[in-house]
Structures are given as structure tokens and as C-alpha cells.
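Here's the structure, in C-alpha cells; my notes come after.
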Amino acid sequence: MIKEEKGFTLVELLWVISLIVILLVSTYYIFEGGLTLNQVVGDQSKVQTEARASLERMAKYLRGATLWGAGDYEITFRCDVDDDLMGEDTTFTLSGTRLILKIEEMNDVPMRDITLATYVRNREQGVPIFTYYGESTGTLGPQLIENPEEEYSNVRMIHIKLIVDVDPTRKPGPYTVETDVKLRNFEI
Ligand SMILES: [Ca+2]
């Protein structure tokens, strides 16, 4: 009597190997997917913190500013950035998705551009960062200035709105911070 060999046939062995490979590959993707999501959530919370800080900084500078130029995504003004009672020529401008602070020079020293916020999506969404208002008229409240480029000297209040989103195609969704700044008009 021929004894049947116990053990795996080649086909069985290939099956087992395929199963192991499938298992390993899916484990890898589940793990990697989790990591990417964590990464995006981490980046988003960093970007939100940055946006809140930059909103505060913009509000602080603009409160004491004399405007020289007013646009949806750029504002130019003079204010005392370093509290030495001398004004600096200053600009907030959106370059791509980066909000940049430009100070012409401080104490006669030319300044490098400073990035205030990243992944800013205002332009992509067609939402101005800066909206301008004039004097309050009676009970109507501050009036929207339609052509701030020409009427920047009438601006009394600026609404700042920042929309940040690391990756618009992924969750978490966009995050918005906004504030109103009343100008005190810094004397040059
Ligand atoms: Ca100064």
C-alpha cells in the first residue's frame, strides 16, 4: 500500500502565500491611511492656531494704522510696529495661499517678509480677507465702502476674515476666524 504523503501541495502553498500577502498589504494601507489622516488633522490644528494668532496681530497693527491702500487681499498702511513712536510702512498681502507681512524697514533696517498664515483659501473661495466700512450713519451702523482702493481715506472699520484649510479635498473642512477692527488713525 502506498502511503499518501501528508503536507501541503504546491497549489495549497501558493494559496497560503497569497493570503498572507493580501493580509500584509491591507494592514499596511489601513495603517498608512490612519497616519495620513492624523497628519492632516495635526496640520489643520497647527494652521488654525497660526490663523488665530495672525488675526490678532493684524488687528493690533491695523487699530493704530493710517491706510495707504486697501484691497480685498492686500492692505498697505503705516503703523508703529515696534512701539518706538515711529511709524513703519507695512503691508499684509496674500501670496498664493500664504498671508505675508511686509515691513519696509524698521529703524532704517530693511525687513524680511514674515509669513503670518498658511493654507489661506479666501481667494479660492472668492471671500475677501479685508472688508472696509466708513462712518456710522445714524441707526444704519457702519457703511460698507464699495471702492476701498479709491476711498481708503474714509475707512473707519475693517472686517478681517481668514479661511484656512490644509487640504480642501479632505476632512476636516475649512476653518474661519474673523474680527472687526476700528481704526484709531495713527498720527505719522
Ligand atoms: Ca516703529
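Residue-wise test of (1) surrounded by 18 or more Cβ atoms within 10 Å (Cβ to Cβ); (2) away from the ligand (no atom under 16 Å from the Cβ); (3) farther than 13 Å from LEU116 by Cα.
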| residue | (1), (2), (3) |
| --- | --- |
| GLY42 | no, yes, yes |
| GLY64 | yes, no, yes |
| ASP72 | no, yes, yes |
| VAL81 | yes, no, yes |
| GLY87 | no, no, yes |
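Looking at (1) out of contact with any helix residue (DSSP H, G or I) (no Cβ under 9 Å at 6 or more places or on another chain); (2) closer than 16 Å to PHE92 by Cα, which one does GLU146 not meet, given that it meets all the others? Going through (1) out of contact with any helix residue (DSSP H, G or I) (no Cβ under 9 Å at 6 or more places or on another chain); (2) closer than 16 Å to PHE92 by Cα one by one, GLU146 breaks only (2). Selection of strands (runs of 3 or more DSSP E) fully inside segment 49-160 by the criterion of at least 2 residues being polar (S, T, N, Q) returns 88-95, 130-136.
Charged (D, E, K, R) and in contact with a strand residue (DSSP E or B) (Cβ under 7 Å, 6 or more places away or on another chain) - does that describe any residue in segment 140-148? No - not one qualifying residue is present in segment 140-148.
Count of segment 153-173 residues, restricted to those that are buried (at least 17 other Cβ atoms within 10 Å of the Cβ) and in contact (Cβ under 8 Å) with a residue 40 or more places away in the chain, is 8. In this entry, ALA51 is excluded by the filter for residues that are touching a Leu at 6+ places or on another chain (Cβ under 8 Å), within 16 Å of the ligand (Cβ to nearest atom) and small (Gly, Ala, Ser).
There is at least one residue in segment 107-119 that is within 20 Å of THR49 (Cα to Cα), within 16 Å of the ligand (Cβ to nearest atom) and without any contact (Cβ under 8 Å) to a residue 24 or more places away in the chain.
In the set (1) within 16 Å of the ligand (Cβ to nearest atom); (2) modelled with pLDDT of 95 or more; (3) of a type outside the set (Phe, Trp, Tyr), the condition left unmet by ARG123 is number (1). The residues of segment 1-23 that are in a helix (DSSP H, G or I) and either in contact with a Phe, Trp or Tyr (Cβ under 9 Å, 6 or more places away or on another chain) or surrounded by 10 or more Cβ atoms within 10 Å (Cβ to Cβ) (or both), listed by number, are GLU12, LEU13, LEU14, TRP15, VAL16, ILE17, SER18, LEU19, ILE20, VAL21, ILE22, LEU23.
The values are calculated or read from the model by the stated rules, or taken from the named source; none is laboratory data. Computed from a prediction, not measured in an experiment: that's the story for all the values here. Quick reminder, even Gly has a Cβ in these numbers, built from the backbone with ideal geometry, and neighbours come from all protein chains shown.
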